[in-house]
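Engineer: My structure is below; once you've seen it, I'll send some questions.
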């Protein structure tokens, strides 16, 4: 008896051809530019003439440059304060927004609006608000009992303004991450805790937080990398000032390359920034055990 063969396609992994568009996009828009910048970091180039090879001169300068030390310190400080201020706010907002009430969904959509706008446009808006002559800066100074209404004219005020504006813009993004994480927690966990007499606060610390461990790590990595690469807000809001009090590493890279026309040294700064951001991400993943985590959902 002749055996009939099935003509149905067999299920399996997609072929390698499906990865070609993504690989080409990564090569042309990520790998190739990074390779070019890495080469330029070993040269002296003003952007017009031909690059001249200088070896490790630019890299040696990184260790001796006082401006680079100051920029690294400010970037680390901004990253630390970004995480310390945004994480509790985004976590609590995400837990609150995960509720099924309609008013929470509407307010969540409103909270998300700043993320949809351009960073440059938002920085221009806040620069106008912080203007001591035409903005709301005098009212803000009176509200917080500040000595000067020129908030962007003092080092602490300028740094605090950058921290506030970037937080105001990106808190909705991380809130959305936590909202999705909370909604993945099985409802049966909370029902069992309620039957045992656990209140809302105990449920938050003993169920919600442990179940959001993966989500916290993901949000932290994105927050750290984002804080290390802030640029447009600093450019529009303070331009690294007053003095060099807000001259973080990305702005120093821009100022060196496009104001001083030392694109070779700017390329070295860019490579160092990429290396530090990548190392910080890998270190966070390693220390938190993110690669060993398994799903915490019920039944998995």
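Engineer: Using the number of other C-beta atoms within 10 angstrom as an exposure proxy, rank 175, 68 with the fewest first. Could the numbers behind the result be given before it?
Structural biologist: On the way: 175 26, 68 21.
Starting with the residue having the fewest Cβ neighbours, the order is 68, 175.
Engineer: How much length would be gained if the chain were fully extended between residue 32 and residue 145, taking 0.36 nm per residue of separation minus their Cα-Cα distance, in nm to one decimal? List each step's numbers first, then the result.
Structural biologist: Numbers: separation 113, 0.36 × 113 = 40.68 nm, distance 5.19 nm.
Result for the pair: 35.5 nm of gain on full extension.
Engineer: Considering the chain as a Gaussian network with a 10 Å cut-off on Cα pairs, which listed residue, 207, 162, 236, attains the greatest mean-square fluctuation?
Structural biologist: In this elastic network of the chain, the residue with the biggest mean-square fluctuation among 207, 162, 236 is 207.
Engineer: If you count, for each residue, the other Cβ atoms within 10 Å and average over each peptide, how do 121-129, 19-27 line up from highest to lowest? Show your work: numbers first, answer last.
Structural biologist: On the way: 121-129: 16.3, 19-27: 10.4.
Answer by packing, highest mean first, reads 121-129, 19-27.
Engineer: Working out 0.36 nm times the residue gap between residue 69 and residue 105, then minus their Cα-Cα distance, what length gain in nm do you get to one decimal?
Structural biologist: 8.5 nm
Engineer: If neighbour count is taken as other Cβ atoms inside 10 Å, put 64, 247 in order from fewest to most. Walk me through the numbers on the way to the answer.
Structural biologist: Details: 64 8, 247 22.
Sorted ascending by nearby Cβ count, the order is 64, 247.
Engineer: Among 43-56, 79-92, what's the highest-first ranking by average C-beta atoms within 10 angstrom per residue? Walk me through the numbers before you get to the answer.
Structural biologist: On the way: 43-56: 12.6, 79-92: 16.7.
Highest-to-lowest ranking by the protection proxy: 79-92, 43-56.
Engineer: If you don't mind, another one. For the chain, what does -39500 (n - 2.57) per DSSP helix run (n ≥ 4), summed and divided by total residues, give at 222 nm, in deg cm²/dmol to the nearest 500? Mind showing how you got there, number by number?
Structural biologist: Details: 15 runs with 188 residues, N = 300.
Here the helix-only value at 222 nm equals -19500 deg cm²/dmol.
Engineer: What spacing in nm lies between the two simple spin-label points modelled at residue 190 and residue 258, each 7 Å away from Cα in the Cβ direction?
Structural biologist: Each label point lies 7 Å from its Cα, and together they span 4.7 nm.
Engineer: Assign one of three labels to the chain, namely rounded, prolate or oblate, based on the Cα gyration tensor with a ≥ b ≥ c the square roots of its eigenvalues; rounded applies when a/c is under 1.5, prolate when it is not and a/b is larger than b/c, and oblate otherwise. Provide the component values of the computation, followed by the final result.
Structural biologist: Details: a/c = 2.24, a/b = 1.20, b/c = 1.87.
Here the chain falls in the oblate category.
Engineer: Order 176-189, 193-206, 250-263 from most to least packed using the mean count of other Cβ atoms within 10 Å. List each step's numbers first, then the result.
Structural biologist: Values: 176-189: 16.8, 193-206: 11.4, 250-263: 18.7.
Listed from highest to lowest mean packing, they are 250-263, 176-189, 193-206.
Engineer: Using 7 Å Cα-to-Cβ label points, what is the residue 96/residue 133 separation (nm, one decimal)?
Structural biologist: Taking the two extended label points, one gets 3.9 nm.
Engineer: Could I have the simple spin-label model distance between residue 17 and residue 200, label points 7 Å from Cα toward Cβ, reported in nm to one decimal?
Structural biologist: Placing both labels 7 Å beyond Cα along the Cβ direction yields 5.6 nm.
Each reported figure results from applying straightforward, stated rules to the coordinates on display, with no laboratory input. Not measured: the values here are computed from a predicted model. Because the Cβ atoms are built from the backbone with ideal geometry, glycine has one as well, and the counts that use them run over all protein chains shown.
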